[in-house]
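Encoded as structure tokens, the structure appears first; notes follow it.
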Amino acid sequence: MDFKTLLFFFFSAILLFAALRVITAKNPVHAVLNLILAFFTAACVWLLLEAEFLALVLVMVYIGAVMVLFLFVVMMLDIDLDRLRQGFWRYLPLGVFVGLVVALEMALVLGGEYFYAPDASLPATAADVSNTRELGALLVSRYVYPFELTAALLLMAIVAAVALAFRDRKPARRVDPAEQIRVRAADRLRLVHMPVETDAPAEDATAPDAQPKE
Amino acid sequence: MFENFVVPNLWPAAPEIFLLFMAGLILLVDLGARSPRRGATFLLTYATLALSALLTLWYAAKVLMPSAPDELARVVLTFHNMFIADLLGSFLKALVCLAVLTSLVYSRRYLEERDSIPRGEYCVLALFATLGMLVMISANHFLSLYLGLELLSLSLCALTALQRDNVAAGEAAMKYFVLGALASGMLLYGMSMIYGATGSLEITEVAEQARLMHRTRMDKTVLVFGLVFLVAGLAFKLGVVPFHMWLPDVYHGAPTSVTLLIAAAPKLAALAMMIRLLVGGLFTLSADWQSMLMLLAALSMGLGNFVAIAQRNIKRMLAWSAIAHMGFMLLGLASGAGRNSSRQTVLEAYTASLFYMVTYVLATLAIFGLILLLSRRGFESDELEDFRGLSQRSPWFAAMMLILMLSLAGIPFFVGFVAKFAVLEAVVFSGHYWLAVLAVFFSLVGAFFYLRVIWIMYFDKANENASPIEASFADKTLLSVNSVLVAAIGIFPQFLLGACGYVLARSF
């Protein structure tokens, strides 16, 4: 076992542990931090595969941008842990049973003699081939169709997010000087014509609570 | 670096490109729109969808239809084989565009009466959903298929949640999102397994490799393992038992106009995805997926028809009926590869499925259109009670509903009967008599709840304080045309059946 293999197992162990902690951690903030650890170790595994650019992007985009934002969201939200855990023990036996059955079935198929990984040694690449450059060239030539579709997907996500989250602001109580200057007397003062009140007929005035006459 | 770069042939994808361009344009136009009715946005959206359908048909007529003397199928691949254009795709794409167009026309008044739904975004998201469907229909690569699927389901999910003051809609959107993500996960897992077995993500290449494996008698365990997950993911998207849990809640909770968008056009895209993956990609494994589909079909028909009887809400009832209908449609796909199957019989079975789906979508459009027309501001008209005595309030609408219900029930001389008959014929021909008997029995059970709607409309007394039905002339005309089309296809099914058979024969 050479040093690289040792490193691979080391990173994989951390990755699995972190991934497990993401779903078992009691505190959501811990879960997010574990997810960051998982992403970081995944980036390390990618480095071992000589995919430097992908590793870099994973660290920059996922950890640097997405997860930090996510951490903010989790910290801002007041998550009621007890309500989240409601019914956990009630559903646990069934969940574990189904999960075990699925895992067992998959293990039986995957562990069979027919399931083998083909020899997946990396092709030797020349030292002057740039990973980033090749990826970029592939994205805009061979994979241009999915690339454009992803752009459409992101645009749709923006539209959806704005439509779901944007609320029309209630009219704020602020002063608009321009409007104040443009004001005319007619806007402020309304002249109402009211006829002069004359004396009411005598019988009504004398008995306001009298019964109506037959 | 780009010495050998060739600009891909863009013409086959003209409808998609046009649609994407117009979606962006409409987004900008809507930015400047002042009127809350958004008339310009709606008109542009209608025009976009109609022109996309025309573009599809134009390309089909110009490039795909003309045939060389001994040419069976004509298929155009572009974008490095990620995009496939064939007559089946063009047919379904044109239908999808028209179905979304019809849905939006029906929904317009409904949306105008509900202030909490932003209309501009509604149109744009509907266009993105359409784009997703078109991409799915003409996908020849797992990557583009998946992206199209996500484009479709995420926009539909956002549309469901768009009415923010509606708690049921929010819940429906959540269920749709979570279960949709689960389905996508299944699908991706299956795809990764198939990639592992064949070494390709390209569907035509996968088919080639699978054939090679079959010929050289290599073990196909991994391929079948992937297929199981693939079928599970597809079943989720199509909504057949036991992957149907989201369907009734989403149909019921979503605003009716969104239910119409979910219920009609995406079914065509789901059928296309199924045909592309199972028939186009893994036909070598048809013996394996045949039994899976039969099981799904039998369960869906059984559960769907029985549970629909218990529903008091017509949207929920239609959701269960959709589950049952999807099961019936699967029967046709499943019976394609039977004991004595030749190219002809296989094509006939798929023709039956395609015909079933097209007519189902046509009837669904009209039914939800009718529910939309009967609803008013602050009143949804989605309970069975609301249809009480409809014949006294509006004999014409009641007659339309009568046609639609009879055709969904599969009463002779209505289109549902022709569709069911075609599927049953294929099932019997493939030698699965018990399945045919089961299908007939469950259809009889299903007829009960369709006929109950008719009973309520014609023989119950109308509610005294039911308000009059107000619908614009255009809506009424479109609904009448739609329903009369359903009736006409029932009497003269040869044309549509012939078209379905023709596009399938020229695509495979």
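In region B:1-25, how many are charged (D, E, K, R), touching a helix residue (DSSP H, G or I) at 6+ places or on another chain (Cβ under 8 Å) and surrounded by fewer than 12 Cβ atoms within 10 Å (Cβ to Cβ)?
Within region B:1-25, the subset charged (D, E, K, R) is B:3, B:16.
Cutting the leftovers down to touching a helix residue (DSSP H, G or I) at 6+ places or on another chain (Cβ under 8 Å) gives us B:16.
From what is left, the residues that are surrounded by fewer than 12 Cβ atoms within 10 Å (Cβ to Cβ) are none.
Number satisfying all stated conditions: 0.
On the given criteria, is B:S90 among the hydroxyl-bearing types (S, T, Y), outside any loop (DSSP other than H, G, I, E, B) and away from every other protein chain (no Cβ under 14 Å)? Give the steps one after another, and end with the answer.
Numbers: among the hydroxyl-bearing types (S, T, Y): yes; outside any loop (DSSP other than H, G, I, E, B): yes; away from every other protein chain (no Cβ under 14 Å): yes.
The answer is yes for B:S90.
Name, by its number, the condition in (1) touching a Ser or Thr at 6+ places or on another chain (Cβ under 9 Å); (2) more than 30 Å from B:V7 (Cα to Cα); (3) not in a helix (DSSP H, G or I) that does not hold for B:L77.
(2)
Got a number for residues in region B:94-133 being more than 11 Å from chain A (Cβ to nearest Cβ), of a type in the set (D, E) and not in a loop (DSSP other than H, G, I, E, B)?
The qualifying residues number 1.
Can B:I84 be described as part of a strand (DSSP E or B) and within 14 Å of another protein chain (Cβ to nearest Cβ)? Talk me through it step by step, then tell me what you get.
On the way: part of a strand (DSSP E or B): yes; within 14 Å of another protein chain (Cβ to nearest Cβ): yes.
Yes: the conditions hold for B:I84.
Taking region B:147-167 on its own, how many of its residues are within 9 Å of chain A (Cβ to nearest Cβ) and assigned to a helix (DSSP H, G or I)? Steps first, answer last, please.
First pass over region B:147-167, keeping only residues within 9 Å of chain A (Cβ to nearest Cβ): B:147-148, B:150-151, B:154-155, B:157-159, B:161-162, B:164.
Still in the running and assigned to a helix (DSSP H, G or I): B:147-148, B:150-151, B:154-155, B:157-159, B:161.
Counting residues in region B:147-167 that are within 9 Å of chain A (Cβ to nearest Cβ) and assigned to a helix (DSSP H, G or I) gives 10.
Go through B:T56, B:T45 for me and flag whichever is more than 22 Å from B:A499 (Cβ to Cβ) and of a type in the set (V, I, T).
On the way: B:T56 fails: more than 22 Å from B:A499 (Cβ to Cβ).
B:T45 is the lone residue from the list that is more than 22 Å from B:A499 (Cβ to Cβ) and of a type in the set (V, I, T).
In region B:46-59, is there at least one residue being in a helix (DSSP H, G or I), touching a strand residue (DSSP E or B) at 6+ places or on another chain (Cβ under 8 Å), within 14 Å of B:K93 (Cα to Cα) and not charged (D, E, K, R)?
Going residue by residue through region B:46-59, those that are in a helix (DSSP H, G or I) are B:46-59.
Narrowing further to those that are touching a strand residue (DSSP E or B) at 6+ places or on another chain (Cβ under 8 Å): B:59.
If we keep only those that are within 14 Å of B:K93 (Cα to Cα) too, we end up with B:59.
Pick out the ones that are also not charged (D, E, K, R) and you get B:59.
Checking region B:46-59: at least one residue is in a helix (DSSP H, G or I), touching a strand residue (DSSP E or B) at 6+ places or on another chain (Cβ under 8 Å), within 14 Å of B:K93 (Cα to Cα) and not charged (D, E, K, R).
Within region B:232-241, can one find any residue that is within 14 Å of chain A (Cβ to nearest Cβ) and of a type in the set (A, V, I, L, M, F, W, C)? Spell out how you get there, then give the answer.
First, the residues of region B:232-241 that are within 14 Å of chain A (Cβ to nearest Cβ): B:232.
Cutting the leftovers down to of a type in the set (A, V, I, L, M, F, W, C) gives us B:232.
Yes, region B:232-241 contains a residue that is within 14 Å of chain A (Cβ to nearest Cβ) and of a type in the set (A, V, I, L, M, F, W, C).
Run down A:L6, A:L16, A:L48 and say which single residue is outside the structural domain of A:E134 (by TED's automatic domain parsing) and in contact (Cβ under 8 Å) with a residue 12 or more places away in the chain.
Working: A:L6 fails: in contact (Cβ under 8 Å) with a residue 12 or more places away in the chain; A:L16 fails: in contact (Cβ under 8 Å) with a residue 12 or more places away in the chain.
The match here is A:L48.
Looking at (1) closer than 28 Å to B:A319 by Cβ; (2) crowded, with 20+ Cβ neighbours inside 10 Å; (3) of a type outside the set (A, V, I, L, M, F, W, C); (4) more than 24 Å from the chain's Cα centre (by Cα), find the lone condition where B:S430 falls short.
(1)
Would you pick out the residues in region B:222-244 that are within 18 Å of the chain's Cα centre (by Cα) and either of a type in the set (A, V, I, L, M) or part of a helix (DSSP H, G or I) (or both)?
B:V231, B:A232, B:G233, B:L234, B:A235, B:F236, B:K237, B:L238, B:V240, B:V241, listed by residue number.
Have a look at A:V29, A:V45, A:V59, A:V109 and point out the one that is within 14 Å of chain B (Cβ to nearest Cβ) and either outside any loop (DSSP other than H, G, I, E, B) or at pLDDT 90 or above (or both). Can you show your working first?
On the way: A:V29 fails: within 14 Å of chain B (Cβ to nearest Cβ); A:V45 fails: within 14 Å of chain B (Cβ to nearest Cβ); A:V59 fails: within 14 Å of chain B (Cβ to nearest Cβ).
Selected residue: A:V109, the only one of A:V29, A:V45, A:V59, A:V109 that is within 14 Å of chain B (Cβ to nearest Cβ) and either outside any loop (DSSP other than H, G, I, E, B) or at pLDDT 90 or above (or both).
Have a look at A:R83, A:R90 and point out the one that is modelled with pLDDT under 85, among the basic types (K, R) and assigned to a helix (DSSP H, G or I). Please lay out each step first, then the result.
On the way: A:R90 fails: modelled with pLDDT under 85.
None of the other options fit; the residue is A:R83.
In the set B:L77, B:L28, which member is out of contact with any helix residue (DSSP H, G or I) (no Cβ under 6 Å at 6 or more places or on another chain), within 19 Å of A:A151 (Cβ to Cβ) and within 14 Å of chain A (Cβ to nearest Cβ)?
B:L28
Considering only region B:411-420, state which residues are assigned to a loop (DSSP other than H, G, I, E, B) and buried (at least 23 other Cβ atoms within 10 Å of the Cβ).
Of all residues in region B:411-420, those assigned to a loop (DSSP other than H, G, I, E, B) come to B:411-414.
If the condition is that a residue be assigned to a loop (DSSP other than H, G, I, E, B) and buried (at least 23 other Cβ atoms within 10 Å of the Cβ), then B:F414 is the only one that fits.
Name the pairs: first residue in region A:129-140 and touching a residue at least 12 places away in the same chain (Cβ under 8 Å), second residue aromatic (F, W, Y), Cβ to Cβ under 8 Å, at least 6 apart or on different chains?
Short answer, once both residue conditions are applied: A:N131/A:F53; A:T132/A:F53; A:L135/A:F53.
The values are calculated or read from the model by the stated rules, or taken from the named source; none is laboratory data. Predicted, not measured: the structure shown is a model, and the values here were computed from it. For neighbour counting, all protein chains shown are included, and Cβ atoms are generated from backbone atoms with ideal geometry for every residue, glycine included.
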